[in-house]
Amino acid sequence: HNHEIHIATLKERIRIAREIHDNVGHMLSRSLLQSGALMAVNQQENLKEPLNALKDTLSSAMDAIRSSVHGLHDDSIDLESAITDLLSGFANYQVSLNYDMGRFVPSAVRYCFISVTKEALANIVRHSKATKISLTLREHPSFYQLVVEDNGTGADRTEAQGIGLLNMKERVDSLNGHFSVSSAHGFRIFVSVPNNADRRN
């Protein structure tokens with residue numbers, strides 16, 4: 001229930017931000033054009049600086065509105081919903097999801113976990129005779145963890161999944177994370193990404 005309220009709140013915040021962007025943004029665009037036109041016709045030396053400053057202020061306001069809307073949009077991509085959506089295509093597998101993440105997950109971590117999960121699931125379909133898939137996403141005090149496991153066989157799977165695994169590793173490396181695979185019992189992908197509490201991108 002809390003989760004639904006959280007999603008509804010985010011959607012409402014995005015709607016308001018879009019409205020501000022469209023309405024105020026439109027007026028700011030017009031003001032920018034008007035100040036540009038004034039600068040073009042201005043003959044007075046003493047007005048050059050203030051007009052320039054006015055144009056800069058309007059530009060900054062426009063940038064601020066754009067980045068607010070963009071930031072809210074990023075926040076609206078809910079990790080749990082995205083992972084659940086990905087798993088919904090795997091009805092013919094026995095799927096288990098263990099999700100234990102805080103409310104705020106940095107967007108870089110979200111996108112990394114979504115893309116690794118996507119790639120891992122595609123690899124299971126392509127290279128494995130698995131019947132069970134297990135996903136764990138957990139937030140620890142100092143790192144975020146993602147584990148994708150299946151009960152498929154095939155000793156050469158690491159080789160067969162080569163490019164896919166390389167893509168995943170690059171994603172994780174870009175966040176200074178740790179990526180490893182194990183094929184001792186089925187196939188297991190283990191990812192951990194450090195939790196830099198001050199990162200808000």
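The values are calculated or read from the model by the stated rules, or taken from the named source; none is laboratory data. Note that the structure is predicted; figures quoted are calculated from it, not measured. Every residue, glycine as well, gets a Cβ built from its backbone with ideal geometry; the counts of neighbours run over all protein chains shown. What goes into the accessible areas is simple: the full protein's heavy atoms, side chains included, and nothing from ligands, DNA or RNA. Shrake-Rupley method; radii C 1.70, N 1.55, O 1.52, S 1.80 Å.
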(message) If Ile133 satisfies all but one of (1) more than 20 Å from Asp85 (Cβ to Cβ); (2) not in a helix (DSSP H, G or I), what's the number of the condition it fails?
(response) (1)
(request) May I ask you to list the residues in the stretch 70-88 that are more than 15 Å from Ile133 (Cβ to Cβ) and modelled with pLDDT of 75 or more? (result) Asp78, Leu79, Glu80, Ser81, Ala82
(message) Quick check on the stretch 188-201: of everything there that is farther than 14 Å from Val116 by Cβ and in contact with a strand residue (DSSP E or B) (Cβ under 8 Å, 6 or more places away or on another chain), which residue is modelled with the lowest pLDDT?
(response) Asn195
(message) Could you go through the stretch 95-116 and let me know if any residue there is farther than 30 Å from Thr9 by Cβ and either in contact with a His (Cβ under 7 Å, 6 or more places away or on another chain) or not β-branched (Val, Ile, Thr) (or both).
(response) no
(request) Could you please tell me which pairs satisfy a Cβ distance under 9 Å, a separation of 6+ or placement on different chains, a first residue in the stretch 35-50 that is among the basic types (Lys, Arg), and a second residue that is open to solvent by less than 70 Å² (accessible area, probe 1.4 Å)? (result) Lys48/Met39; Lys48/Asn42
(message) Please go through the stretch 105-141 and give me each residue that is within 16 Å of Ile163 (Cβ to Cβ), of a type in the set (A, V, I, L, M, F, W, C) and open to solvent by less than 30 Å² (accessible area, probe 1.4 Å), ordered by number.
(response) Val116, Ala120, Leu121, Ile124
(message) Exactly one of these conditions fails for Glu80: (1) touching a strand residue (DSSP E or B) at 6+ places or on another chain (Cβ under 8 Å); (2) of a type in the set (D, E, K, R); (3) open to solvent by 90 Å² or more (accessible area, probe 1.4 Å). Give me its number.
(response) (3)
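Give the residue that is farthest from the chain's Cα centre (by Cα), with candidates limited to residues of the stretch 146-157 that are under 22 Å from Val95 (Cα atoms) and open to solvent by 60 Å² or more (accessible area, probe 1.4 Å). I'd like the intermediate steps shown before the answer.
Start the filter on the stretch 146-157 by keeping residues that are under 22 Å from Val95 (Cα atoms), which leaves 146-154, 157.
Going one step further and asking which of them are open to solvent by 60 Å² or more (accessible area, probe 1.4 Å), we end up with 149, 151, 153.
Values: Glu149: 22, Asn151: 29, Thr153: 32 Å.
Taking the candidates together, the pick is Thr153.
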(message) Can you pull out every residue in the stretch 139-182 that is among the β-branched types (Val, Ile, Thr) and outside any strand (DSSP E or B)?
(response) Thr153, Thr158, Ile163, Val172
(message) I'd like to know if the stretch 165-172 contains one or more residues that are at pLDDT below 85, over 12 Å from Ser115 (Cβ atoms) and open to solvent by less than 80 Å² (accessible area, probe 1.4 Å).
(response) no
(request) Looking for whichever is modelled with pLDDT under 85, within 34 Å of the chain's Cα centre (by Cα) and either open to solvent by 90 Å² or more (accessible area, probe 1.4 Å) or not polar (S, T, N, Q) (or both) here; the options are Leu10, Leu32. Which one fits? (result) Leu10
(request) Run down Ser182, Ser134 and say which single residue is touching a strand residue (DSSP E or B) at 6+ places or on another chain (Cβ under 6 Å), more than 30 Å from Gly71 (Cα to Cα), among the small types (Gly, Ala, Ser) and modelled with pLDDT of 95 or more. (result) Ser134
